[in-house]
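Below: one structure, written as structure tokens.
Each value in this text was obtained by applying a stated rule to the coordinates, not by laboratory testing. The structure presented is a predicted model; accordingly, all values stated were derived computationally and were not measured. Virtual Cβ from ideal backbone geometry, glycine too; neighbours counted across all protein chains shown.
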Amino acid sequence: MCIEKDSSKKRLRIAIQKSGRLTDDTEALFKNCGIKITESRDHLLAHAENLPIDILRVRDDDIPGLVMDHVVDLGIVGENVLEETTMQRAVDGLPTGYRTLMQLNYGDCRLAVAIPNEQQWHGLQDLSGLKIATTYPFLLKRKLSEQGIAFKPVLLTGSVEVAPRAGLADAICDLVCTGATLHANGLREVETIFTSKAVLICRDEPLYPEKQSIVDLLLPRIKGVMAARESKYIMMNAPKSKLAEIRAILPGAENPSIIELEGESDRVALHVVSREKLFWETMEQLKALGASSILVVPIEKMLD
Ligand code: ATP
Ligand code: ZN
């Protein structure tokens, strides 16, 4: 048995975006999960030092295919790219099998239709017969054909937002996060076609036991990192007489720890993990109820 083949049975291979909007969050997630990678981003293949994991850095568009063709075991990619590629591959007669292991809490965006500002809008029917520039013809077609609308796709893999001004299309269907790019190009968003987040996907056949055990180790860690990112540790000193009112306004704080304060009979310390944001307004209300030394502290890791 050659070494290469042996290591491909034992080391979990994960494809991630080499450089782009998912890269920083993905690398931060791996780091917080305790995966140590020293090689720089220029390396196509990076080996984790402390776990049997290899990271393959590629264009995001290639990730679904690498998983579906069983070249890698796992991949992290936007649902937009995953869905579009799956539909494209089905038409091309290529394998489309995969399993979604987990939706991740980053890479949020939406695929939306936008039209020139001056154009009127009554609903999706307005797109009937129009030329629509997009990188996502399958997602757009799926949505519009549900409503019986036919359109002419204009395929562009970049600079979709300049297509109407350049006279290439009447409308566009593109990824939007804040809408600033649309605005800068004299376009307005009129309809959401698809909402997307990053997802962790796995090849559709069973993994070798060694690899499966790394996945089993990794998934709770990823969950723990995501739960921690959404949570805060809140501490304050509070009057005993107001505890019920304070607990009522604290978001997502079911089971606080109440701790006696040395030398103070009418005040206690209250500690709680909150899964929701604590807004300034709530902190001011807490203060008005007599709470003091209110601290909101980020949590790095969590294991329930
Ligand atoms: P690549 O060189 O890897 O092909 P790309 O230019 O196709 O990169 P990016 O712009 O880096 O891709 O976006 C990668 C993914 O990040 C998108 O497919 C989408 O899932 C997600 N994403 C998150 N926010 C945005 C946004 N504001 N605009 C576009 N994509 C976003
Ligand atoms: Zn891409």
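Brief remarks follow.
- Selected from GLU284, GLU39, GLU84 as most flexible by GNM, with the chain as the system and alpha-carbon contacts under 10 Å: GLU284
- For ALA180 and ASP69, a Förster radius of 22 Å and the Cβ-Cβ distance give a FRET efficiency of 0.05, rounded to the nearest 0.05.
- Taking the Cα atoms of segment 1-115, the ratio Rg/Rh between the radius of gyration and the Kirkwood radius comes to 0.99.
- Simple label model, 7 Å out from Cα along Cβ direction - ARG188 to LYS223, nm: 4.5
- A Stokes-Einstein calculation at 25 °C with viscosity 0.890 mPa s, built on the Kirkwood radius of the chain over Cα pairs, returns a diffusion coefficient of 108 µm²/s.
- Footprinting exposure proxy for ILE53, ILE14 (fewest neighbouring C-beta atoms within 10 Å first): ILE53, ILE14
- Of interest is the spacing of the C-alpha centroids, which for segment 269-304 and segment 1-71 amounts to 37 Å.
- Taking a sphere under 10 Å around the Cβ of ASP170 and counting the other residues whose Cβ falls inside, with K and R at +1 and D and E at -1, yields a net charge of +1.
- Summary value for the chain: 18 percent relative contact order, contacts being C-alpha pairs under 8 angstrom separated by 6+ residues.
- Placing pseudo-labels 7 Å out from each Cα toward the beta carbon at ALA28 and ARG99 gives an inter-label distance of 2.9 nm.
- In nm, spacing of pseudo-spin labels at LEU295 and GLN119 (7 Å Cα→C-beta vector): 5.5
- In summary, the lysines within cross-link reach of LYS143, defined as a Cα separation below 17 angstrom excluding same-chain residues under 8 places away, comprise LYS131, LYS152.
- DSSP bridge orientation in the chain - percent antiparallel, rounded to nearest 5: 75
- Contour minus Cα-Cα distance for ARG89 and TYR233 (0.36 nm per residue): 47.3 nm
- Likely footprinting exposure, LYS211, LYS143, LYS152, fewest C-beta neighbours within 10 Å first: LYS152, LYS143, LYS211
- Global geometry of segment 231-298, whether rounded, prolate or oblate, following the gyration tensor of its Cα atoms and the 1.5 cut on a/c: prolate
- Relative contact order, whole percent, for segment 109-196 stands at 50, derived from Cα pairs under 8 Å and 6 or more residues apart.
- The alpha-carbon of LYS277 sits under 21 angstrom from the alpha-carbons of these lysines, leaving out residues fewer than 8 places away in its chain: LYS197, LYS223, LYS232, LYS287, LYS301.
- Seen from LEU182, the other residues with C-beta closer than 11 Å to its C-beta sum to a net charge of -2, counting Lys and Arg as +1 and Asp and Glu as -1.
- Counted by neighbouring Cβ atoms within 10 Å, the residues LEU12, LEU130 run from fewest to most as LEU130, LEU12.
- Between ARG110 and LYS287, the contour length at 0.36 nm per residue exceeds the Cα-Cα span by 59.8 nm.
- The angle separating the long axis of helix 23-32 from the principal Cα axis of greatest extent in the chain is about 40 degrees.
- Distance from segment 156-185 to segment 86-141 (C-alpha centre basis), Å: 14
- Per residue, the chain reaches -8500 deg cm²/dmol at 222 nm when only DSSP H runs of four or more residues are counted, each adding -39500 (n - 2.57).
- Under the criterion of Cα pairs below 8 Å and six or more residues apart, the relative contact order for segment 231-298 equals 52 percent.
- Helix 137-146 and the longest principal axis of the C-alpha atoms of the chain enclose an angle of approximately 90°.
- For segment 1-155, DSSP calls about 25 percent of its internal beta bridges antiparallel.
- Summed side-chain charge close to ILE294 - residues other than ILE294 whose Cβ falls under 15 Å, Lys, Arg +1, Asp, Glu -1: +3
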